[in-house]
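Chemist: The structure's right below; bear with me while I get my questions together.
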Amino acid sequence: MKIRIKGNSVRLRLTKSEVDALAITGMIEEKTEFDDGSFGYRLQTDSSIETLDAVINNNTITVLLPAAVAQEWPDNNTVSYTHSKQLKNGRTLLLLVEKDFKCIDAPAHEDQSDNYENPLLSCS
């Protein structure tokens, strides 16, 4: 799973096996370690919600996806799920969870064997 954070947006990109694992186990997570701590991010299913949500606790961002959506996702053609969450401070947090496509002009060092086939001719 890859994470991209820019301003008030969080984007998670999942490979085929991660989409499958999410449907089966209800959670996938990653952690980046530093000398003085770590930063984690996870995608977790929740049967009590109807749209994407997110929380942050103990240096870990948790994006929540409706459980029914996660269970159907491996077998459908839906590329992504998105939601704009209104925050208590009046700002908006954009959440995006998507299937990770192969990039045709990707660097040779990046393994993309588990990514989805890209319907475009090239990546931008």
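The values are calculated or read from the model by the stated rules, or taken from the named source; none is laboratory data. Since we're looking at a predicted model, the values are computed, not measured. Because the Cβ atoms are built from the backbone with ideal geometry, glycine has one as well, and the counts that use them run over all protein chains shown.
Chemist: Which number in (1) out of contact with any helix residue (DSSP H, G or I) (no Cβ under 8 Å at 6 or more places or on another chain); (2) surrounded by fewer than 18 Cβ atoms within 10 Å (Cβ to Cβ); (3) free of Cβ contacts under 8 Å to residues at least 24 places away in the same chain marks the one condition that P66 misses?
Modeler: (2)
Chemist: Going by what's in this entry, would T51 be described as of a type in the set (V, I, T) and within 13 Å of the chain's Cα centre (by Cα)?
Modeler: no
Chemist: If you go through segment 45-55, how many residues are in a loop (DSSP other than H, G, I, E, B) and either more than 16 Å from W73 (Cβ to Cβ) or not hydrophobic (A, V, I, L, M, F, W, C) (or both)?
Modeler: The number of residues fulfilling the criteria is 4.
Chemist: Residues of segment 7-44 being of a type in the set (S, T, Y) and either assigned to a strand (DSSP E or B) or surrounded by 15 or more Cβ atoms within 10 Å (Cβ to Cβ) (or both), which ones?
Modeler: The answer is S9, T15, T32, S38, Y41.
Chemist: May I pose another question? In this structure, does A67 turn out to be modelled with pLDDT of 95 or more and of a type in the set (G, A, S)?
Modeler: yes
Chemist: When you check E29 against the structure, is it free of Cβ contacts under 8 Å to residues at least 40 places away in the same chain, under 22 Å from A67 (Cα atoms) and out of contact with any helix residue (DSSP H, G or I) (no Cβ under 9 Å at 6 or more places or on another chain), yes or no?
Modeler: yes
Chemist: Would you be able to say whether some residue in segment 51-58 is touching a Pro at 6+ places or on another chain (Cβ under 9 Å), at pLDDT 95 or above and surrounded by fewer than 15 Cβ atoms within 10 Å (Cβ to Cβ)?
Modeler: Yes, that holds for at least one residue.
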